[in-house]
1. The stretch 9-90: D in µm²/s via Stokes-Einstein (Kirkwood Rh, Cα pairs, 10 °C, 1.306 mPa s)?
2. Output needed: percent of Cα pairs per 5 Å distance bin for the stretch 20-67, bins running from 0 to the one holding the longest distance.
3. For a protection proxy built on the mean count of beta-carbon atoms within 10 angstrom, sort 69-80, 85-96 highest first, please.
4. Return the long-range amide H neighbours of E51 (sequence gap of 5 or more, or a different chain), with a cut-off of under 5 Å between placed amide H atoms.
5. If each residue of separation counts as 0.36 nm, what is the full-extension length gain between E14 and R89 once their alpha-carbon separation is subtracted?
6. Taking amide H positions as placed 1.01 Å from N in the peptide plane, with prolines and chain starts having none, which residues 5 or more places from S70, or on another chain, fall under 5 Å of its amide H?
7. Just to confirm a number: summing +1 for Lys and Arg and -1 for Asp and Glu over residues other than V37 whose beta-carbon lies under 13 angstrom from that of V37, what do you get?
Amino acid sequence: MSAQLRDTAGELAEILWREHAVYRERSGGVVIRGEHVRRWISLAPAGGRDEVLVRAGRILDGGTTAPARSEAVVPLSAGTGVLAATCRRLLAEAAADVAPVAPGRASPGRSNQSGKAARPRGSGKHTSFGSWVILACVAGVISLYVYSTAMHG
C-alpha cells in the first residue's frame, strides 16, 4: 500500500500544484507540501484496505506545519480525480479558517481581534439593569452591616 500511496501522491501533487514537495512520513503516510500556497496535504492508510485518510492544513511562518484543519476518508479505487476534488475541498476549508489580515493592521500571525468575546450590537459599554440591581443589593447589605455594627457597638 505504501508504494501505491506514494505513486498516487505524486500524481495528485502534479494535479494540485506546479511547485510541490512529496515525502514519506514515519507512520507510512505521504505528505505533499505546497510552499508557495502555504498548505499541505497528508495521505495515510485508513481503516479499510482500499481507503486513505486525507488531511489538509497550513504551513506556518518558518516552515512548520499547523495541525490539520480538516480531514476525510476516500476510497483509493475512486481514482485521482475524486481524490483531487476531495483535496481541493479540504484545502478550501483550511484556507477559509484563516481570515485575511489587512496590511498594516496587525502583525503576521496575530488576528485583528483580541481574546475578548464579541458583544451584541447596541449593548455598548453600559452596565445593564441586572448589574445595577446586584450592585444596589450588595450596597444595601454592606450598609445594613455597618448600621447594625454601629448600633450594637
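1. Details: Rh = 12.7 Å.
My calculation gives 125 µm²/s for D.
2. Spelled out bin by bin, the stretch 20-67 gives 5, 22, 29, 24, 12, 6, 2, 1 percent.
3. Details: 69-80: 15.2, 85-96: 16.8.
Going by the mean number of other Cβ atoms within 10 Å, highest first, we get 85-96, 69-80.
4. Here the answer is A46, L76, since their amide H atoms fall under 5 Å of that of E51.
5. Values: separation 75, 0.36 × 75 = 27.00 nm, distance 1.67 nm.
Result for the pair: 25.3 nm of gain on full extension.
6. The list, which skips near neighbours in sequence, is A56.
7. Values: positive: R18, R33, R38, R39, R58, R88; negative: E19, E35.
In short, +4.
A short reminder: the numbers here are calculations on the coordinates, not readings from a lab. All values derive from a computational prediction rather than experimental measurement. Cβ sites come from the backbone with ideal geometry, for glycine too, and all protein chains shown count toward neighbours.
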